[in-house]
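S.K.: Pasting a structure here, questions to come.
The values are calculated or read from the model by the stated rules, or taken from the named source; none is laboratory data. Keep in mind it's a predicted model, so treat the numbers as computed, not measured. Virtual Cβ from ideal backbone geometry, glycine too; neighbours counted across all protein chains shown. Quick note on the areas: whole protein, heavy atoms, side chains included, nothing else; ligands and nucleic acids left out. Shrake-Rupley method; radii C 1.70, N 1.55, O 1.52, S 1.80 Å.
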Amino acid sequence: MNLDQFKQVSDVEWQIAPSGKMRVPAVIFADEALIRDMDDKVYEQITNVATLPGIVQAAYAMPDAHWGYGFPIGGVAAFDADEGGVVSAGGVGFDISCGVRSLHTGLKAADIAPLKQRLADRLFAHVPAGVGSTGQLRLNAGEMDAMLRGGARWAVEHGYGSEADLDRIEEHGCMAGAEPDKVSDQAKRRQRDEIGTLGSGNHYLELQEVVEIYDSKAADRFRLRQGEVVVSIHCGSRGLGHQIGTEFLRQMVIAAPGYGIELPDRELACAPINSPLGQAYLGAMRAAINCALANRQVITHLARQVFADMFPGAHLTLIYDVSHNTCKQESHTVDSQTRRLFVHRKGATRAFGPGHPALPGDLRDIGQPVLIGGSMGTASYILVGTEAGRTRAFSSACHGAGRSMSRHQATRQWHGRALVDELASQGILIRSPSLRGVAEEAPGAYKDVSAVVEAADRAGLARKVAKLKPLVCIKG
């Protein structure tokens, strides 16, 4: 990317002044190396976002930003409904509420080492993964609607976990305002057999060893100890979320002229928040958030079953669960005024700082855990939200490494079998139903997650707490 287009605010903040139809500035958080390596589409997309009606403060891109559909992946923008603000299906994404949850195992890496091969095989057999994967649950129409209203709470009520889990999940496991009747029958059909499945792409269940602690106070509060193993689960709303995104994008493109909205890009299709279409999308999207929360809760139950069988007495307790692709109504201070805004985070993580009332009581004084997944075979990180982040980008941070090349390019450069063998030689076991899928997710197809996390830390978006090394990865 050409840096002449930016005003450099700091070594990790770059600003694009409003021009043309931009209503607000655009801001990218990244160091010089990361921003130079970003594709030019990030510049184009984030400046297009800055033209949307009712946008507040600025359009933001995180250090892992790369080209996406409409918004860049890693894009953040907030809109005021009382000022004609819009909701954009492209600003949420197709895999609605794709997110990460991490769990303690109470086991050390040395405890699982003798059984690692068997453990990898058992998890792979027990947690369905891959394109078209289906789970053990078969939901009828009434059960589907109940799940879409209840989220992880519905799963807990059906025996998949405990009340203690809900306190460590965004929205306490259930997104208010979900409207299952705004979700099409086709979307529901696609999800009927998919609850409790990982899906494909970059979704995974991973065993990780805590190998470095950066912030001992936050690590103690999160119960992270060097040498211990955590389980991380990365997945979303599967076919249901994708269908909702597809259908509402089509409707929003058609409806935009009638609302007086001039789209700089059809992929930024949107509708006024207070319009019937905007409200219908929000109701369906919130139902998809609940679908993703239920999905991760059921997968957690499946992982717990494997650990309980192989390590009697072991109990997986939830550190936190946070989503990436959402639009949520939140209170934020802008120009000394508290406003209720609709914050889009696409490939970006909510990162509330200390004192936020939405956080569990025992974490409120320290801040929210921010879970950053690496690419397959590379480190992941746990960060914590900061007070500074509140005024930086509506309490948002990066969500992962971010792709540096397309899946098609990756398959031309790497072969799945060779990658599996190479990672095994490094002590990282991969289990996947698709060797092509492994090649698509090659570590070299992604940015350096350590550089992304460092930039987020230096920008004040979130603070580093711990580094996690992969041991076993179950992926689609």
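S.K.: Quick one: would you say residue 262 is more than 18 Å from the chain's Cα centre (by Cα), charged (D, E, K, R) and modelled with pLDDT under 95?
M.R.: Judged against the criteria, residue 262 is a match.
S.K.: Return the only residue of 203, 242 being touching a Phe, Trp or Tyr at 6+ places or on another chain (Cβ under 8 Å) and either within 30 Å of residue 131 (Cβ to Cβ) or open to solvent by less than 30 Å² (accessible area, probe 1.4 Å) (or both). Steps first, answer last, please.
M.R.: Details: 203 fails: touching a Phe, Trp or Tyr at 6+ places or on another chain (Cβ under 8 Å).
Being touching a Phe, Trp or Tyr at 6+ places or on another chain (Cβ under 8 Å) and either within 30 Å of residue 131 (Cβ to Cβ) or open to solvent by less than 30 Å² (accessible area, probe 1.4 Å) (or both) holds for just one of 203, 242, which is 242.
S.K.: If you go through segment 2-20 one residue at a time, how many are open to solvent by less than 30 Å² (accessible area, probe 1.4 Å) and either in a loop (DSSP other than H, G, I, E, B) or not aliphatic (A, V, I, L, M) (or both)?
M.R.: Looking only at segment 2-20, we keep the residues that are open to solvent by less than 30 Å² (accessible area, probe 1.4 Å), and these are 3, 6, 12-14, 16.
Checking the rest, the ones that are also either in a loop (DSSP other than H, G, I, E, B) or not aliphatic (A, V, I, L, M) (or both) come to 6, 12-14.
Looking only at that region, the number is 4.
S.K.: Oh, and also: In this structure, does residue 463 turn out to be in contact with a strand residue (DSSP E or B) (Cβ under 7 Å, 6 or more places away or on another chain) and touching a residue at least 12 places away in the same chain (Cβ under 8 Å)? Reasoning before the result, please.
M.R.: Numbers: in contact with a strand residue (DSSP E or B) (Cβ under 7 Å, 6 or more places away or on another chain): yes; touching a residue at least 12 places away in the same chain (Cβ under 8 Å): yes.
So residue 463 passes the test.
S.K.: Take the residues in segment 367-406 that are out of contact with any Leu (no Cβ under 6 Å at 6 or more places or on another chain) and without any contact (Cβ under 8 Å) to a residue 60 or more places away in the chain; name whichever of them is nearest to residue 219 (Cα to Cα).
M.R.: Looking at residues that are out of contact with any Leu (no Cβ under 6 Å at 6 or more places or on another chain) and without any contact (Cβ under 8 Å) to a residue 60 or more places away in the chain, I get 387.
S.K.: Being more than 20 Å from residue 398 (Cβ to Cβ) and out of contact with any Phe, Trp or Tyr (no Cβ under 9 Å at 6 or more places or on another chain) narrows it down to one residue among 377, 355; which is it?
M.R.: 355
Table: residues versus (1) open to solvent by less than 30 Å² (accessible area, probe 1.4 Å); (2) in contact with a Ser or Thr (Cβ under 7 Å, 6 or more places away or on another chain); (3) under 27 Å from residue 118 (Cα atoms).
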position: 391; (1), (2), (3): no, no, no
position: 427; (1), (2), (3): yes, no, yes
position: 433; (1), (2), (3): no, no, yes
position: 445; (1), (2), (3): yes, yes, no
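S.K.: Scan segment 94-150 for residues that are open to solvent by less than 30 Å² (accessible area, probe 1.4 Å) and of a type in the set (S, T, N, Q) and jot them down.
M.R.: Listed by number, the residues that qualify are 97, 102, 105, 133.
S.K.: Could I ask something else about it? For segment 75-119, which residues satisfy the criterion of being under 24 Å from the mean Cα position of the chain (by Cα) and farther than 25 Å from residue 326 by Cα?
M.R.: 104, 105
S.K.: Let me ask something else about it. Out of (1) in contact (Cβ under 8 Å) with a residue 60 or more places away in the chain; (2) in a helix (DSSP H, G or I); (3) crowded, with 20+ Cβ neighbours inside 10 Å, what's the single condition that is false for residue 153?
M.R.: Condition (1) is where residue 153 drops out.
S.K.: Let me ask something additional. If you take the residues in segment 246-290 that are part of a loop (DSSP other than H, G, I, E, B) and within 18 Å of residue 179 (Cα to Cα), which one is most open to solvent (accessible area, probe 1.4 Å)?
M.R.: To start, the set of residues in segment 246-290 that are part of a loop (DSSP other than H, G, I, E, B) comprises 260-265, 269, 273-275.
Keeping just the survivors that are within 18 Å of residue 179 (Cα to Cα) gives 273-275.
Values: 273: 1, 274: 106, 275: 9 Å².
For segment 246-290, the residue satisfying everything is 274.
S.K.: Criterion first (modelled with pLDDT under 95, among the β-branched types (Val, Ile, Thr) and crowded, with 17+ Cβ neighbours inside 10 Å) does residue 76 satisfy it?
M.R.: No.
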